[in-house]
Structures are given as C-alpha cells and as structure tokens.
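This report concerns only the one structure given below.
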Amino acid sequence: MKNDRFDRRDFLKTATAGFALLLTEEELRAAGAIQDDPIPGPPLKIGVIGAGLWGRDILTTLSRQPAAQVTAISDIYEPYLKKGLEVAPKASGQADYRRLIESPEVEAVVVATPTHQHKEIVLAALQAGKHVYCEAPLANTVEDARAIAQAALQVPKQVFQAGLQGRSNPLYRHVLQFVKTGVLGNAAYVTAQWNKKQSWRRVAPTPEREKEMNWRLSHKTAAGLIGEIGLHQLDLINWYLGGLPAAVQGFGSITNWNDGREAPDTIQTIFEYPAGVRAVYTSTLTSSFSDSFTTFQGSNSSLIMREKRSWMVKEADSALLGWEVYARKETVHNETGIAMVADATKLIEEGKEPGKEGPVEPAKDSLNMAFEYFIRSIRAGDKPVCDPKVGYQATVIGIKANEAILSGARVVLDSALFELKQS
C-alpha cells in the first residue's frame, strides 16, 4: 500500500486480533482489547484503618477515584489520624477501628495497619458484612494468614482482595498474555531483587511508640524483607511460571544497620519450582544499586520486568514474531530489547504506534488500578483480581522463606500447606 503508516498500524491491529483469539474475555479486558465500562452505581463508601505512610498513600489514591468515597479513617496514633484527615477532610476519624467497622457509612474496609494486626481487624470486618481490601502480606504467621483466607472464603458474597498490587499492574497483566503464548520457550530460571538503602527504623516521641512503629524489625511482628517486600515479586514469579515452589533455601545477615534489630538487612534465597526451574531472590537495605527487577530467562527469550517498564530479549535462534518488526527497540544489558508497552492495544485503537507514539509506561499505577478492580468487583460483580487464595499462598511463601533465612536451612513447602477449604 502507498500509506506506510496505515500499513503498519493495520498489521499491528491484525496481529493483536489474531493474538486476542487465544484469550478469554477477562484477559482481553486486561490486555486493553475490550474497553471497560464506567463502574456502575454510586461511589463506594470506604473506611481506611491505618493512616501511616502507606495508609496515606492509599488515602491519596482513593481521593482521586471517582468511584470511591472515603467516609471514615481510624488510627490509634493521633498525629497519623490527623494527617489522614487532612487527605480526606470529609471523613470521620476515630481511634477505635471497631467504631469504623460498625458504621453504616462504611461499605468496604481497607486494612493498612502493621501486618501482625491484620487478623483481628479483617475477621471483625468480614463478620460485620463489610467488603475487605487487606494489604499484603495477610499476616506474619501461617496460622493467622489461613484464618483470614478461610474467613474470606466463607462469605463469597463479600469481596475480599489482597493487596498484591502486581496483580493489578497493567504492565504485568499485559506481558502475562505473551507468557501464556509460550514466548519464553522452556523456562530456565528466574532472578529477582529489591535493593534500597534505608534503615526501616523510625523515630518516635516515646519508647513505647517507637517499639510500635518499628514492628518490621522484630521476628514477632513481621516476616522480614522477604515476607514484607519480597512476596510481591515472588507472587509475580508464581503467576508467570504458573506454579508454586516446592522448597526454599535462605541466608541472611545484618551487614550495615547494627542497631539491635532482629531482622536481617540483607538476604539471599533460592526457590525450587517444578520442572527444575529455580528462582533466586536477593534483597538488601544496605545499598540501592540496581533497585528492583525480576528477570525470566527461557529458551526462546527473556523478560526483564520492572514496575513500569518491561523488555523482551530474544534468542538468536527463536522464531520471528511479526509484530516485533514495528516494536520499539532499546538497549538492555548490551542486548537489543523489545519494549513491552502496557497500553499497546489502546494506542493502536487511537491510531498510534506503541512505544513510538504515546507513553511507554502504564497510564495508571498499580495501586490506582488495584482499587479500581476492588470497587468494580463490588459494584459490577467481577471476580477479585487478587483473591484470598492468591493472597494466602504468597504470604505463606514469604513466611516460610523468612524461616529458611533465619535458620540457614532448606525448608520444604509441602503442597498441603497451600490448601484452603472452600465454602
């Protein structure tokens, strides 16, 4: 044809359509091939329990959601509660979370407290008939995580969503469709890391409050770097590999923050997955070098995943993918990487070429999308994007991996450990 620009876009549309035939309607929506309708019904009345740093990020995100209305905030620490109410000035505020749960002005509860406090709050909210969004990990012990997940499964008419934001990440969901088509070939191994130089230690006006704020540094109240942070990338690995690990070996040490803490500030773990695939996960609070990423390596190609950017690097002997001719190319680790663009289908529909015209990063971040999915599940009856079982399994893997780190031993993850009783 004479019009080369039209020619390329027409090809891309055809390629997308052919690719789409392999997907379910839910997957098509995730890939952007089907436009989602506006969330039906009035704004969801939400109560947020926990107004710390992350809780305030949640409040800020919800304040920008047309389908959400924050009607109540609870925190036992008055300065946090005050700051939370500055973000959502129309909400009521109370120190006792039970008053928030009992309020008829609250339809759904967001639990953003320290991990070890989740169980009591979630069970109370579910018993009161509320929908629940619980931050991940669900708990700091397997027993508490199981109690939360089982309770959520017993009330199927109430929506429970675990806060594994990766499940809502537009980029992750987009790339997943390519993984399902076998673009990796035979998976060989996975490497992942999360590095950030920060102490995790917080300063407070009293020793009692300081102990409360530094809950992440104690074995009694947290599952360490792997259980509090690493589980998000571990969930991505489970998702893309389509399975759960059978064992984990771990190591940990305090290399920089020698301040009396119990939790290691540097860890290394090796997870054993089916078919001989291993995943190596490392993390440190000592250095920020190279930040965070997850890399999947296979016989046909490798995927490098960051939170907002992703690249596919093909092997020289792998088959040519038609659409790759027109894809954006970037240098990644001295290789030519094909940029994976989360909103590719939408850009094509707008007459643009993904990666060349329009943004290369998702239009909406993972937290924003997580609450969109949560609200849509309640108002439109869609399945939760991250259900109790997924949240439980990721939590258990994080907890058991932390046990391996603390013991320096190989911990077997029996399949029965991941089982839950359905309602």
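All of the numbers you see were taken from the coordinates with simple rules; none came from a lab. Keep in mind the model is a prediction, meaning the values are calculated, not measured. Backbone-built Cβ (ideal geometry, glycine too); neighbour counts: all protein chains shown.
Computed values, structure above
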| quantity | calculated |
| --- | --- |
| Span-rule helices in the chain, defined as complete DSSP H runs reaching 18 Å or more along the axis (Cα) with Kyte mean at least -1.0 | 4-20, 366-380, 388-407 |
| Options 368, 69, 333, ranked by Cα towards positive dipole end of the chain, top entry (Cβ charges) | 69 |
| Among 226, 378, 254, residue whose mean-square fluctuation peaks in a GNM of the chain (springs only between Cα atoms under 10 Å) | 254 |
| Extreme residue, positive dipole direction of the chain, given options 178, 53, 158 (C-beta unit charges) | 53 |
| Coil-residue GluC sites (Glu not before Pro) of segment 264-317, DSSP, other Cβ within 10 Å capped at 14 | 315 |
| GluC sites (Glu not before Pro) restricted to segment 62-127 and DSSP loop, no more than 15 other C-beta within 10 Å | 105 |
| Cut-off under 5 Å, modelled amide H: who pairs with residue 91 long-range | none |
| Entries in 157/389; 82/130; 83/308 that, when Cα-Cα distance is taken, lie over 21 Å | 82/130; 83/308 |
| Residues whose placed amide H lies under 5 Å from that of residue 76, excluding near-sequence neighbours | none |
| Rg [Å, one decimal], Dmax [Å, integer] - segment 44-166, C-alpha atoms | 13.2, 38 |
| Neighbourhood charge, 13 Å Cβ-Cβ cut-off, centred on residue 253 and excluding it, Lys, Arg +1 and Asp, Glu -1 | -1 |
| Ranking of 144, 37, 57 by count of other Cβ atoms within 10 Å, fewest first | 37, 57, 144 |
| Rg/Rh ratio calculated on Cα atoms of the chain (Kirkwood radius) | 0.97 |
| Order of 134, 386 - criterion: other Cβ atoms within 10 Å of each residue's Cβ, fewest first | 386, 134 |
| Nearest-20 debye value, the chain charge dipole, Cβ charges on Lys, Arg, Asp, Glu | 300 debye |
| Exposure proxy order (Cβ contacts within 10 Å, fewest to most) of 179, 159, 280 | 280, 179, 159 |
| Relative contact order [Cα under 8 Å, 6+ residues apart], the chain, whole percent | 20 percent |
| Spacing of the two label points (7 Å from each Cα toward its C-beta) at residue 415 and residue 189, in nm | 2.6 nm |
| For residue 132, residues with placed amide H under 5 Å, excluding near neighbours | 109, 159, 160, 161 |
| Relative contact order (%) - segment 44-166, alpha-carbon pairs under 8 angstrom, separation at least six | 23 percent |
| Charge context of residue 270, other residues only, Cβ under 11 angstrom, K/R +1, D/E -1 | +1 |
